[in-house]
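Here's the structure we're looking at; comments come further down.
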Amino acid sequence: MESMLTPTLILYNGDFYTQWEAQPRARAIAIYGGRIVAVGSDAEVRALAGTNTEVIDLGGRFALPGLTDSHVHFYDWALGRRGVRLSGARSLGEMQGRIRERLAGLEPGRWLVGQGWNETEWEHPVMPSAADLDVLSTAHPLFFRRSDMHSAVVNHAALALAGITAETPDPAGGVIERDERGQPTGRLFEMAIDMVHVHAATPTDEELDTALRETIREAHGLGLTGLHDQRMKGHGEGKVALRAYGRLEAAGDLKLRLTTNVDAEEREHVFATGLYSGFGNERLQLGHMKVFVDGSLGSQTAWMVEPFEGTTDNYGVVVTPPEEIEVVVREAQQRGWAISVHAIGDRANREVLDIFEELASERNPATRLPHRIEHVQTIQPADLPRLARLGIVASVQPIHATDDMVAADRLWGARARDTYAFRRLLDSGAVLALGSDVPVADPNPFAGIHAAVTRQRRDGTPEGGWQPQERLTLEEAVYGYTLGAARAVGRERVQGRLAPGYFADIIVLDRNLFEVAESELAETQVEMVVFDGEVQAG
């Protein structure tokens, strides 16, 4: 135990899981200036209190370092909370019912947007079309993203406003699905989505800032004190989002450790500023330059070595050609930028690893953060050890493993055994940074921990877990949401551990994770949040 300054806050009579090798468990913590200054017994730490020190009795409750979600779309999460929420819809009819409710009273001509449907979970797993939306309204443009955000369905009113007709060519890296007559069906994939998205209404600064503040409160309620913010390919939200984050930070309202990516498509402008990965302060820093190789499993746009099951020619979609990615990686790392690559399919992961390996010798020593691959959803066994060898972080989402298991078995068959290979990645020496991909999936980190440990859904299915050989231990899952996440953004010396000198970001839970049944992990509730040394909730 050590102390240097009179604490502003002391938490005592707690059960702190510190992840600090010198003292793995502790009873009390002292805080000054947003940092931890002492960790030890109740007697040792309480003796440091001054006349102005706030002292809180935790009543023996279990506490962890604040958790970090390593893959979020913060902007889309915030705005999506105001759209039609379609996650969990069990049929096309239920999806239509939710949309119909929101249409009631909506002024004709106004856009209605939403996100979250997943037809692979329906009894009749057929993707919705424009015809399914036209029966709800032809007076409103309707635009709904699938749960994976890599496909969307729109009605004919939205197609008309976007100028999409039978003569409209597919954009690079995207597909406009057409019927046998060549007419658009309303189903859009990858870059085609943005042909409609750019026409949808955009929020005012005030609306966006309010939505972000509300989402920060939601994140705290889930035990999240850090986020790694991702970009969407061609979405164009990056500049708007960064300005909003800056406004919140200047106002003292950005009560998160937010590391935000930049879009590789904006790299010339970014390079001109002289900024680099890791630039920023303790609450807001620039992270990685984001690039996309392929699409997704559910939309059948992941780039595969062999075709999707049941097809002979569907190898997925190449969103960004490898030769272009090579240019991005070379230019970025020469200017101090680390790369974050979206790669789902086994061919996508192989291609990007080939590029990282080829350019490893050109890496600028000033690049402060490690490169990372987002998702690493399916990877061939021969390629898996390459992440550790090249120092590439595996940014993975445990909740996707259980959300996608039905689709993986159906669309990849035997290849599903190499899907979300957490155990093998970790055993190979790769750093795992765990996250959710919200709004694609549930942002609750305890649901993610449960999925990582059990490889089951919250209802206990499938018995024994899906691909159970890839389970993580509870200790490993917690590490992935704390120190693993910190390592992914170069903050392992100040974040993810309860030790002197570290950020005073602490969550107090309603149960000891190590003393409850694995099946109960997802039900964990957060009873107190301390961020930057100040109690935010509880």
Q. Which order do K290, K239 take when ranked by solvent-accessible area (1.4 Å probe, heavy atoms of all protein chains), largest first?
A. K239, K290
**Q.** Nonlocal amide H pairs with V55, under 5 Å, H built at 1.01 Å
**A.** I10
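List the relative contact order of region 386-538 as a percent without decimals, with contacts defined as Cα pairs under 8 Å and 6+ residues apart. Write out the running numbers ahead of the final one.
On the way: 238 pairs, mean separation 31.4, N = 153.
Across region 386-538, relative contact order equals 20 percent.
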Q) Taking the Cα centre of each part, how many Å lie between region 480-538 and region 91-164? A) 38
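With Cβ to Cβ distances under 13 Å as the rule, what net charge do the other residues near G33 carry (K, R +1; D, E -1)? Walk me through the numbers on the way to the answer.
Numbers: positive: R35; negative: E282, D532, E534.
Its environment carries a net charge of -2.
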Q) How high is the relative contact order of the chain, in percent, with contacts defined as C-alpha pairs under 8 Å that are six or more residues apart? A) 16
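Per residue of the chain, what 222 nm ellipticity follows from adding -39500 (n - 2.57) for every DSSP H run with n ≥ 4, rounded to the nearest 500? Mind dumping the intermediate values first?
Working: 18 runs with 153 residues, N = 538.
Calculated mean residue ellipticity at 222 nm is -8000 deg cm²/dmol.
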Q | Note, ³J(HN,Hα) from phi for region 386-391, Karplus 6.51, -1.76, 1.60, rounded to Hz, x at Gly and Pro | A | 5, 4, 5, 4, 8, x
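How much net charge surrounds R61 when only the other residues with a Cβ under 13 Å from the Cβ of R61 are counted, with Lys and Arg +1 and Asp and Glu -1?
Working: positive: R27, R511; negative: D15, D57, D510, E515, E527.
That works out to -3.
Can you tell me what share of the DSSP beta bridges in region 302-444 is antiparallel? A percent to the nearest 5 is fine.
Antiparallel bridges make up about 10 percent of those DSSP assigns within region 302-444.
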**Q.** Integer Hz, Karplus 6.51/-1.76/1.60 couplings in order for region 358-364, x for Gly and Pro
**A.** 4, 9, 4, 6, 8, 4, 6
**Q.** Crossing angle, helix 92-103 versus the chain [Cα axis fit, 0-90 degrees, rounded to tens]
**A.** 80
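Quick one: net charge of K239's neighbours, Cβ under 9 Å, K/R +1, D/E -1? Write down the numbers at each step before the final one.
Numbers: positive: R243; negative: E237, D263, E266.
For residues surrounding K239, the net value is -2.
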Q. Using alpha carbons only, how many degrees (0 to 90, rounded to 10) separate the axis of helix 322-334 from the longest principal axis of the chain?
A. 30
Q.
I'd like the orientation of helix 238-250 relative to the chain: the angle between its Cα long axis and the longest Cα principal axis, in ° from 0 to 90, rounded to 10.
A. 30
Q | Per-peptide average of other Cβ atoms within 10 Å, ordering 316-329, 205-218 highest first | A | 316-329, 205-218
**Q.** Extent along principal axes [Cα atoms of region 441-538; Å; largest to smallest]
**A.** 43, 30, 26
Q: Distance between Cα centroids, region 48-83 to region 388-429: provide it in whole Å.
A: 29
Q: Please turn the phi angles of region 257-267 into ³J(HN,Hα) values with the Karplus equation 6.51 cos²θ - 1.76 cosθ + 1.60 (θ = phi - 60°), one per residue in order, whole Hz, x for glycine and proline.
A: 8, 9, 9, 10, 7, 10, 7, 4, 5, 9, 5
**Q.** Descending semi-axes in whole angstrom, ellipsoid equivalent of region 430-495, from the Cα gyration tensor
**A.** 23, 14, 9
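The values are calculated or read from the model by the stated rules, or taken from the named source; none is laboratory data. Here the structure is a predicted model, which means the values were calculated and not measured. As a convention, Cβ positions derive from the backbone with ideal geometry for all residues, glycine included, and neighbour counts pool all protein chains shown. Each accessible area value is taken on the protein alone, full model and side chains, heavy atoms only, with ligands, DNA and RNA left out. Shrake-Rupley method; radii C 1.70, N 1.55, O 1.52, S 1.80 Å.
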